[in-house]
1. Taking residue A:151 in one copy and the same position in all the others, each labelled 7 Å out along Cα→Cβ, what are the pairwise distances from the first, in nm, shortest first?
2. Measure nothing but the geometry: give the 0 to 90° angle between the long axis through the Cα atoms of B:155-166 and the longest principal axis through the Cα atoms of chain B, rounded to 10°.
3. What residue among A:19, A:72, A:106 shows peak mean-square fluctuation when chain A is described by a Gaussian network model with Cα springs under 10 Å?
4. Could you list which residues have their amide H under 5 Å from that of residue A:89, counting only those 5 or more apart in sequence or on another chain, with H placed in the peptide plane?
5. Can you tell me the dipole magnitude for chain A around its Cα centre, using point charges on the Cβ only (Lys, Arg +1; Asp, Glu -1), in Debye to the nearest 20?
6. Taking chain A as the reference, fit the longest principal axis to its C-alpha atoms, fit the long axis of helix A:73-85 to the helix C-alpha atoms, and give the angle between the two in degrees, 0 to 90, nearest 10.
7. At residue B:135 and residue B:39, where each label point lies 7 Å from the Cα along Cα→Cβ, what is the point-to-point distance in nanometres?
8. Under 16 Å from a point placed 7 Å out from the Cα of residue B:114 along the Cα-to-Cβ direction: which residues of the stretch B:74-93 have their backbone N that close?
There are 2 protein chains.
Amino acid sequence: MAGSNEDALKGLGHLALGTRLKRLGDRLQAHAQVILDEAKVPVPASHLPPLAALDSGGAMTVGDLSRALGVTQPGVTRMTGALETAGLVRSGAAEDDGRARVIELTPAGRGLLARLKRHTFPLIEAAVREACGDDPGRLLGQLAVLEDALEELPLAARAARLAKGARRHD
Amino acid sequence: MAGSNEDALKGLGHLALGTRLKRLGDRLQAHAQVILDEAKVPVPASHLPPLAALDSGGAMTVGDLSRALGVTQPGVTRMTGALETAGLVRSGAAEDDGRARVIELTPAGRGLLARLKRHTFPLIEAAVREACGDDPGRLLGQLAVLEDALEELPLAARAARLAKGARRHD
DNA sequence: GGGACTTACATAACCTGTTATCCAATTTGG
DNA sequence: CCAAATTGGATAACAGGTTATGTAAGTCCC
């Protein structure tokens, strides 16, 4: 019999780290969604990043948002389309460039953001921080280390180098 | 005016932790995929967890796999379907229960796993460990803390408690 | 033993991201 | 000034997960 499962991912250790990170991220978002729902926020959590970016950065184009959020341009097009349907943002051609579409918050969007910043975001922030354990910054630090490392030298390159070094033991 | 921006995104800070974890996980998987491709592994990285689970746990049903991997049952159905098409697993009704479908590795699947365990997994493992920085276990530990915390008390409950405590400052 | 629940899986529809490609507007260079 | 290259965005197709629901097999209980 398989005995106690669960350890399948654990057994893969660092190999499954990617899977594990994704799942944990998903779960965090789902939990945050519950808080948002309780606060009667009329948008899914996934739409908050663009709203926050527009709030802090002011009106900007699709491309700007794409860069600001780190999601691809089609993703931004879809998100902003949904937000526009929800009445939280509006958009129009840029004055100086007919190709660019400038997105800005509507009053409704600004109002929502104001409420969120005052009541909801701090709550989520505090709850997540608490869930992170004694030293909340440490997790973020570890993530940054990993992100930077991947940026600096891809895994494949590291693997190749390690393989070369290990070959004599083979 | 929003003044110094940043604080909207700061407010999102830990809400964005979910997004960040997911994105980092994605990137890790993409990097691992490169290594797998170079090793001529004929499956996407996302299919390795079920293979590894079957390898370590032996033949098991769809439901077992779902629990072992932490993905939903339809997800397992799809994954195993693809693996079966690829000839790496096979399946059949359980002897004692006509509803259950038991999945097991084919010889090809076992062979692939053997090769991976010998050559590829250790490489990925080592590369990821290196990328994680000086103390590779610490990140896993942090993740476990967060996972356990979410399990033990959902964010919404934490938020509710924190909100109650903070109300007198409102 | 036969009807009502329960269980295990399959299927469908959806969500949210991706890459690939197309179109229109702008810029550039001859 | 017009043709070519570039740029900003939209659209389509796909990926990999999810939830919701359907269906067949098993179990319970009168």
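1. 3.3
2. 10
3. A:19
4. Under 5 Å from the amide H of residue A:89: A:84, A:106.
5. Values: 22 positive and 21 negative charges, 84 e Å.
The dipole magnitude comes to about 400 debye.
6. For A:73-85 against chain A, the angle is about 40 degrees.
7. 2.9
8. B:88-89
The values are calculated or read from the model by the stated rules, or taken from the named source; none is laboratory data. This is a predicted model, so every value here is computed, not measured. For neighbour counting, all protein chains shown are included, and Cβ atoms are generated from backbone atoms with ideal geometry for every residue, glycine included. The protein model used for the area step is the full one, side chains on, heavy atoms only, and it has no ligands, DNA or RNA in it. Shrake-Rupley method; radii C 1.70, N 1.55, O 1.52, S 1.80 Å.
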